[in-house]
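The values are calculated or read from the model by the stated rules, or taken from the named source; none is laboratory data. Computed from a predicted model, the values in this text were never measured in an experiment. All Cβ positions, glycine included, derive from the backbone under ideal geometry; neighbour counts span all protein chains shown.
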Amino acid sequence: MRIYSGERLCSKCFTKSIEEKVKATIARNSMFKPDDRIAVAVSGGKDSITLLHILAKFEKLFPKASLCAVTVDEGIRGYRDEAVRLAREYCQRIGVEHFITSFKDLFDVQLDELVAVLKDKVRAGNETLSPCAYCGVLRRRALNVVARKAKADKLALAHNLDDEVQTILLNIMHGDAPRIARVKPVLGESHPMFVPRVKPICEVLEREIAFYAYLRKTEFQSTPCPYAPTAMRNDIRQMLDRFEERHVGTKYTVFRAVEKIRPALEAAEKETVLQLCKTCGEPTVGETCKPCEMLRKIGVK
Ligand code: SF4
Ligand code: ZN
């Protein structure tokens, strides 16, 4: 296997190099304290199962730390049910406490139901957002709620380098400059009800994670989400992959470039004061939080 640096490594050295890379990202960004309770967001895909595997390995070196897994079932028939089963089985196998929540439990609607409503609205010209825009906002909320329930000090997300760079370009294409600064390894939170989020594999390429999972013979969900093709992210993924193929290192270059301009972007951003949403009681900038606003907009709340 050839890794980004151009080295050729045997499978054992490759596996070790990925773990060392994750360890370096964790150390460089001071992601954890030795006694942290860490909730790993596990979807059942290769990235999250690999992250859980690597953090479980590291956790053994820190007797005061503890690890658990959290999963959100969005309610996508024929897709998420299999992923949740794989996540549950993996957690049982390695003896990690597992907390599962669902859109149905938290918002009283499954993503499939929401998409059906959304389709009618889009047809009538009353909505332009894709299922992923709704799913992303609701899942972020659900993960925070379930991590809080698990009494976690940190929520570890399995965003790999490809995900991070795609998000940077998405924010640029949406003209959302302040959000570019928020694509970073540690998202310290400005309210005690938010569990700080960390991204230990944010400097590992997706194909490196895929190969690591393949070498470990990890069973993970490989079927793509049926709504993924509708997302702009999908077009950006293809464009970035074409670039990386022709110009090796493009993804790292974009990631590092944002690291350099982030301080200036953060300095330009106004400080926000959070209050509690008058509908659901979760912290938010305005009177109503984004999930409540979105659900109300399409008439499911
Ligand atoms: Fe949700 Fe979109 Fe991801 Fe599917 S592809 S799980 S709809 S964010
Ligand atoms: Zn709310």
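For this structure, a couple of remarks:
- Criterion applied to PHE220, PHE194, PHE243, PHE211 was being within 16 Å of ligand 2 (Cβ to nearest atom) and surrounded by 14 or more Cβ atoms within 10 Å (Cβ to Cβ), and the one residue passing it is PHE194.
- Test: THR230 is of a type in the set (Ser, Thr, Tyr), within 16 Å of ligand 1 (Cβ to nearest atom) and in contact (Cβ under 8 Å) with a residue 40 or more places away in the chain: yes
- Residues (within 16 Å of ligand 1 (Cβ to nearest atom) and assigned to a loop (DSSP other than H, G, I, E, B)) located in the stretch 184-227: PHE220, GLN221, SER222, THR223, PRO224, CYS225, PRO226, TYR227
- Selection within the stretch 233-254 - of a type in the set (D, E, K, R), more than 14 Å from ligand 1 (Cβ to nearest atom) and either over 20 Å from THR50 (Cβ atoms) or over 19 Å from the mean Cα position of the chain (by Cα) (or both): ASP241, ARG242, GLU244, GLU245, ARG246
- Of all residues in the stretch 274-289, those satisfying the criterion of being under 25 Å from the mean Cα position of the chain (by Cα) and either within 8 Å of ligand 2 (Cβ to nearest atom) or surrounded by fewer than 12 Cβ atoms within 10 Å (Cβ to Cβ) (or both) are CYS277, CYS280, GLY281, GLU282, THR284, THR288, CYS289.
This table checks each residue for (1) under 21 Å from VAL195 (Cα atoms); (2) crowded, with 20+ Cβ neighbours inside 10 Å.
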| position | (1), (2) |
| --- | --- |
| LEU67 | yes, yes |
| ARG77 | no, no |
| ASP81 | no, no |
| VAL84 | no, yes |
| ALA87 | no, yes |
| GLU97 | yes, no |
| GLU113 | no, no |
| LEU118 | no, yes |
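- Pairs with Cβ under 7 Å, 6+ apart, first in the stretch 65-80 and over 12 Å from ALA156 (Cβ atoms), second among the basic types (Lys, Arg) and assigned to a strand (DSSP E or B): SER66/ARG37
- Test: ALA41 is surrounded by fewer than 19 Cβ atoms within 10 Å (Cβ to Cβ) and either among the acidic types (Asp, Glu) or within 22 Å of LYS184 (Cβ to Cβ) (or both): no
- Residue within the stretch 92-114 that is within 21 Å of the chain's Cα centre (by Cα) and without any contact (Cβ under 8 Å) to a residue 12 or more places away in the chain present: yes
- Where a residue in the stretch 122-151 is without any contact (Cβ under 8 Å) to a residue 24 or more places away in the chain and its partner, wherever it lies, is within 15 Å of ligand 2 (Cβ to nearest atom) and assigned to a loop (DSSP other than H, G, I, E, B), with Cβ under 8 Å and at least six apart: none
- Number of the exception - HIS98 against (1) part of a helix (DSSP H, G or I); (2) more than 16 Å from ligand 1 (Cβ to nearest atom); (3) touching a Cys at 6+ places or on another chain (Cβ under 8 Å): (1)
- Filtered by the rule that a residue be modelled with pLDDT under 95 and either exposed (fewer than 13 other Cβ atoms within 10 Å of the Cβ) or within 16 Å of ligand 1 (Cβ to nearest atom) (or both), the stretch 291-301 gives MET294, LEU295, ARG296, ILE298, GLY299, VAL300.
- Restricting the stretch 110-150 to residues that are at pLDDT below 95 and assigned to a loop (DSSP other than H, G, I, E, B), the residue that is nearest to ligand 2 (Cβ to nearest atom): LEU129
- Some residue of the stretch 251-273 being within 16 Å of ligand 2 (Cβ to nearest atom), in contact (Cβ under 8 Å) with a residue 12 or more places away in the chain and either surrounded by 12 or more Cβ atoms within 10 Å (Cβ to Cβ) or not β-branched (Val, Ile, Thr) (or both): no
- Candidates in the stretch 268-278 are the residues that are modelled with pLDDT under 95 and not in a strand (DSSP E or B); of these, the one that is farthest from LYS121 (Cα to Cα) is ALA268.
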